[in-house]
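Visitor: Provided herewith is a single structure, encoded as structure tokens, for subsequent inquiry.
The values are calculated or read from the model by the stated rules, or taken from the named source; none is laboratory data. Being a predicted model, the structure only gives us computed values, none of them experimental. In this analysis, Cβ positions are derived from the backbone assuming ideal geometry, glycine residues included, and neighbour counts consider all displayed protein chains.
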Amino acid sequence: MNEQIRAREVRLVGPEGEQVGIVPLERALQLAADVDLDLVEVAPLARPPVCKLMDFGKFKYESALKAREARRNQQQTVIKEMKLRPKIDPHDYETKKGHVLRFLKAGDKVKVTIMFRGREQSRPELGFRLLRRLEEEVAELGFVEAAAKQDGRNMIMVIAPHRATKAAAGQRAGGSKRDGGDAVATAELDPEGLTEPVKEE
């Protein structure tokens, strides 16, 4: 920046992005001084290097603000888990579907697990039928990110919120999330109720 630039000539870009052209370094420094701006090397590996006239202090401040805002708006990626039985009672099904809808509205993904026991393992179509029904009934808020598949005694499907749903959840959250990175957590819902989210290392 400024006198630290070592090239003899530079390709100069004006403060509004206009192309000035290739000029001697001394001329570029003089133009920067005339308008009380800094001469900043933005493409040092170019031949000749590209320099721009700018208020470097203001540029750094605005860049820091944008980075802070991006971190504030960054949502945590959370995966909730819902466990169902293939012959679930209609009332229990509606209750658990309500939890899935609530998770999706909050912008979270949901891992739906169908647990087979005993002779139920010979009837995988019951699990597929139940998952297909759930998929259709929550389609307004989410979509199947990972299709249903058998995993030992269980059958698993992952539902993710639509982008619009996730964006709405982020707006509701407002600025409550501070500098959060991507954290993956799981929350299980057993037949009796929800457990607390558990952070994965």
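Visitor: Quickly run through the stretch 52-68 and pick out the residues that are in contact (Cβ under 8 Å) with a residue 24 or more places away in the chain and among the hydrophobic types (A, V, I, L, M, F, W, C).
Guide: Those that are in contact (Cβ under 8 Å) with a residue 24 or more places away in the chain and among the hydrophobic types (A, V, I, L, M, F, W, C): Leu53, Met54, Phe56.
Visitor: Where in the stretch 13-110 are there helices (runs of 4 or more DSSP H), lying wholly inside it, with at least 2 residues that are over 22 Å from Ile156 (Cβ atoms) and of a type in the set (Ser, Thr, Tyr)?
Guide: 56-73
Residues are listed down the side, and each one gets a yes or a no for (1) touching a strand residue (DSSP E or B) at 6+ places or on another chain (Cβ under 6 Å); (2) surrounded by 17 or more Cβ atoms within 10 Å (Cβ to Cβ); (3) modelled with pLDDT of 85 or more; (4) closer than 19 Å to Arg85 by Cβ:
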site: Leu104; (1), (2), (3), (4): yes, yes, yes, no
site: Val112; (1), (2), (3), (4): yes, yes, yes, yes
site: Glu125; (1), (2), (3), (4): no, no, yes, yes
site: Leu134; (1), (2), (3), (4): no, yes, yes, yes
site: Glu140; (1), (2), (3), (4): no, no, yes, no
